[in-house]
Amino acid sequence: MLDEALRLEDVYLSTSELSGTPFSVPRAVNYFENIKASQNNEDRPLIAGANLTLKLGETICIGGPSGKGKSAILRLIAGLARPLKGHIYYFGEYIPAERLTALEVAKRQVGYVLQNAALISNLRVIDNIALPLRYHRVGTEAEIQKKVNMAMDLMRVRNFATMFPHQLSVGMQKRVAIARSWAMDPKLLLMDEPTAGLDNYNRRNLLPLIDNMRTMFKTSIIIVTHDLMIAKELDCNLVFLNDKKLTEPHSFDYWLHSDNEISKDQFRDLQANSNYF
C-alpha cells in the first residue's frame with residue numbers, strides 16, 4: 001500500500017533466531033539461556049502471529065511486560081533476526097525471510113536507535129553522527145557535514161559537537177544516537193526505550209524533539225517503551241505485546257479507561273489516578 005510505512009502479517013519469531021543476533025540479550029543471560037535450551041532441547045516461540053500496520057508519518061508505541069519480546073520486534077523489523085514465518089512489508093515492498101538482513105532493511109531507509117545509545121567511545125559527537133554517512137559514502141564530505149549539522153540542530157546537540165560520549169549525560173547520549181540515525185534520512189525510525197534512565201527534565205526535553213521528526217519530516221516512528229505516558233504526550237496510538245501477539249492499536253485514553261486485563265495490568269497505577277487525565 002502506498003500509504004503504509006510498515007506491515008507485519010502473522011509474524012513468528014523464535015528465541016533461537018533472536019539469540020543469534022549481535023543485539024539480542026546480555027551475554028550472561030544469553031549464556032545461561034543457551035545452556036537451558038540445550039539441556040531442554042527446546043526452541044520456544046517469542047512472537048507467535050504478530051500483526052501491525054504503520055501508516056506513513058505515523059508514530060506508534062509498543063508496550064507490554066518486561067522480557068516478553070518488545071525489543072525483539074524492533075530487531076526483527078531492523079533485519080537483525082529472521083521470522084520463522086509471516087510477511088514483513090517495508091513501504092509496500094515484501095522482503096522474503098532469506099533476504100531479510102540489516103543491510104537490506106537499511107537500504108529502505110529504516111533507522112534503529114538502541115536503548116543504550118551505542119555511541120563509539122573514542123569518537124567525538126560530530127564524528128559519531130557522521131560515521132554511518134561516511135561508511136555508506138553518502139555524499140561528499142561537505143554534504144556529510146551539512147547533514148550532520150542539521151541533525152545536531154534538530155536534536156539540539158551542536159554545543160556538544162567536540163565532546164566524547166563519556167562526557168555526556170545519558171539524556172544527551174540518547175539525543176546524539178537519535179541524531180546519528182536521523183542524519184541517514186530514515187523514512188522509518190525504530191526507537192528502543194528512548195526515555196529509559198532519563199530524569200524528568202531530560203525526558204520533557206527529548207519528547208518534543210522526537211515529535212519534530214514526525215511533524216517536520218513526516219518520519220514514521222515505532223517506539224518500544226515502558227513509559228506509557230509517551231503515547232499520550234505524542235498523541236499516538238499504543239499497542240501491547242500480549243500472549244506473543246500485538247493487540248489492535250488504540251489511544252492512550254482508550255487503554256486508560258478500559259476494563260480489559262491488559263489495561264488493568266499495565267495501567268494499574270495510572271488508573272488509580274485517572275482523575276488527573
Look at the range 191-204 and say how many of its residues are under 17 Å from A151 (Cβ atoms) and surrounded by fewer than 16 Cβ atoms within 10 Å (Cβ to Cβ).
-> 0
Tell me, yes or no, whether the range 174-182 has at least one residue that is in a strand (DSSP E or B) and among the aromatic types (F, W, Y).
-> no
M163 fails exactly one of (1) surrounded by 21 or more Cβ atoms within 10 Å (Cβ to Cβ); (2) of a type in the set (A, V, I, L, M); (3) under 20 Å from N205 (Cβ atoms), namely (1)
Within the group D185, D153, which residue is charged (D, E, K, R) and either at negative phi or buried (at least 21 other Cβ atoms within 10 Å of the Cβ) (or both)?
-> D153
Identify all residues within the range 244-264 that are without any contact (Cβ under 8 Å) to a residue 24 or more places away in the chain, outside any helix (DSSP H, G or I) and either of a type outside the set (S, T, Y) or buried (at least 18 other Cβ atoms within 10 Å of the Cβ) (or both); write none if there are none.
-> T247, E248, H250, D259, N260
Subset of the range 107-146, residues over 22 Å from the mean Cα position of the chain (by Cα), surrounded by 14 or more Cβ atoms within 10 Å (Cβ to Cβ) and closer than 18 Å to D185 by Cα, comes to I126, D127, V138, I144, Q145
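Determine, yes or no, whether L190 is closer than 26 Å to A106 by Cβ, outside any helix (DSSP H, G or I) and modelled with pLDDT of 95 or more. Quick ask: steps written out before the conclusion?
On the way: closer than 26 Å to A106 by Cβ: yes; outside any helix (DSSP H, G or I): yes; modelled with pLDDT of 95 or more: yes.
When the stated conditions are applied, L190 passes them.
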Just one of the numbered conditions (1) among the β-branched types (V, I, T); (2) closer than 19 Å to N116 by Cβ; (3) free of Cβ contacts under 8 Å to residues at least 60 places away in the same chain is not true of T225; which one?
-> (3)
Just checking, how many residues over the range 214-236 are buried (at least 18 other Cβ atoms within 10 Å of the Cβ), of a type in the set (S, T, Y) and farther than 16 Å from A196 by Cα?
-> 2
Give the range 83-99 a look and list any residue that's within 16 Å of L52 (Cβ to Cβ) and surrounded by 16 or more Cβ atoms within 10 Å (Cβ to Cβ), or say none.
-> P83, G86, I88, Y89, Y90, F91, I95
Consider D235 carefully, then state whether it is outside any loop (DSSP other than H, G, I, E, B) and of a type in the set (D, E, K, R).
-> no
Report yes if some residue within the range 101-120 is within 16 Å of M155 (Cβ to Cβ) and of a type in the set (D, E, K, R); otherwise report no.
-> no
Name the one entry in P45, P65 that is surrounded by fewer than 20 Cβ atoms within 10 Å (Cβ to Cβ), more than 17 Å from the chain's Cα centre (by Cα), under 29 Å from H250 (Cα atoms) and modelled with pLDDT under 95.
-> P45
Hey, any hits in the range 268-277 for a residue that's among the aromatic types (F, W, Y), surrounded by fewer than 17 Cβ atoms within 10 Å (Cβ to Cβ), assigned to a loop (DSSP other than H, G, I, E, B) and at pLDDT below 95?
-> yes
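The values are calculated or read from the model by the stated rules, or taken from the named source; none is laboratory data. Predicted model, so just to flag it, every value in this text is computed and none were measured. Here Cβ is always computed from backbone atoms with ideal geometry, including for glycine, and neighbour counts include all displayed protein chains.
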